[in-house]
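Everything below concerns the one structure shown next.
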Amino acid sequence: MKKYQQTVEDINSRLARATREELVALERSLAADTRKGVKTALERARRRIVEEEAEQARLEGLYAFDYQYGLCVIGLDEVGRGPVAGPLAVGAVILDTEKLLPGLNDSKQIVENKRKLIAAQIKETARAYTVEYVSPEKIDEIGMSAALHLAFSNALACIDQSGLHVEKVLIDGMPLHLDEREVNIIKGDTQSASIAAASIIAKVERDELMCSYAQQYPQYQFDKNKGYASPEHIAAIKAYGLCPLHRKSFCSAFLQDSLF
């Protein structure tokens, strides 16, 4: 019986953390090892390297997209346009282009716990950032289009106070005509690093705010629905009426009369 100096567990441990260069060397040294566990570990390591390199290329592409517009750009994105309760939120970020943030992506593509970690990293490393809100009451007063314009304008004004020389303002979606530096990018949160960062901090902050509101108004389960019109949320509106966090203009289909 052929004897092996290394156990499958030891080999698997080395392969699990090997770089591409280390994997090439390990493949040569393990070429004669016929154990099934070793072959499986090698294949797993190959797949991991391919996935890591693809993710690194995606991440570098996000930053390269921003770089074409200058060394200092603002990314802006909104969260909370569609809910029937809670504020509209707009995030704005100037990233440090020397510090690529692993996992940075459109906020909707990131699981909640990871999204919170990335949001914290954005705030730690960004050259400037803010999240600006428009209240439900204000949304009812001026309408969503004007509310979006107001929130984006406030976020841009806040970042401009940082004193940084901003070359371009990258906004996810259709033109808002806020600023002569404005560049509008359809699906910008999947193309631009700074827009993706803005979408993450805005979503994390707004989600946390809605969770805090759930303690005040538990019957609506804002911690679960974040203000969106889930079947349970609609049922709660019909049972209890509206609270001050609801956008009355969005809820007319659910209730004829409001409690507020």
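The values are calculated or read from the model by the stated rules, or taken from the named source; none is laboratory data. Computed from a predicted structure; not experimentally measured. Every residue, glycine among them, receives a Cβ derived from its backbone with ideal geometry; neighbour counts consider all protein chains shown.
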Check your understanding: Among the residues of the range 132-147, is any free of Cβ contacts under 8 Å to residues at least 24 places away in the same chain, in the same structural domain as residue 194 (by TED's automatic domain parsing) and within 22 Å of residue 200 (Cβ to Cβ)?
Key -> no
Practice item. Determine, yes or no, whether residue 99 is surrounded by 11 or more Cβ atoms within 10 Å (Cβ to Cβ) and farther than 22 Å from residue 162 by Cβ. Key: no
**Study point:** Which listed residue is surrounded by 23 or more Cβ atoms within 10 Å (Cβ to Cβ) and over 15 Å from residue 148 (Cα atoms), from 162, 194
**Key:** 194
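Considering 11, 74, which residue is on the phi < 0 side of the Ramachandran plot, buried (at least 20 other Cβ atoms within 10 Å of the Cβ) and without any contact (Cβ under 8 Å) to a residue 40 or more places away in the chain?
One residue alone meets the criteria, 11.
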Revision key, fill the gap. Of the residues in the range 204-260, those that are among the acidic types (Asp, Glu) and either crowded, with 21+ Cβ neighbours inside 10 Å or within 20 Å of residue 88 (Cβ to Cβ) (or both) come to 205, 207, 208, 223
Point to revise | Which numbered condition residue 203 misses (of (1) of a type in the set (Lys, Arg); (2) in the same structural domain as residue 149 (by TED's automatic domain parsing); (3) at pLDDT below 95) | key: (3)
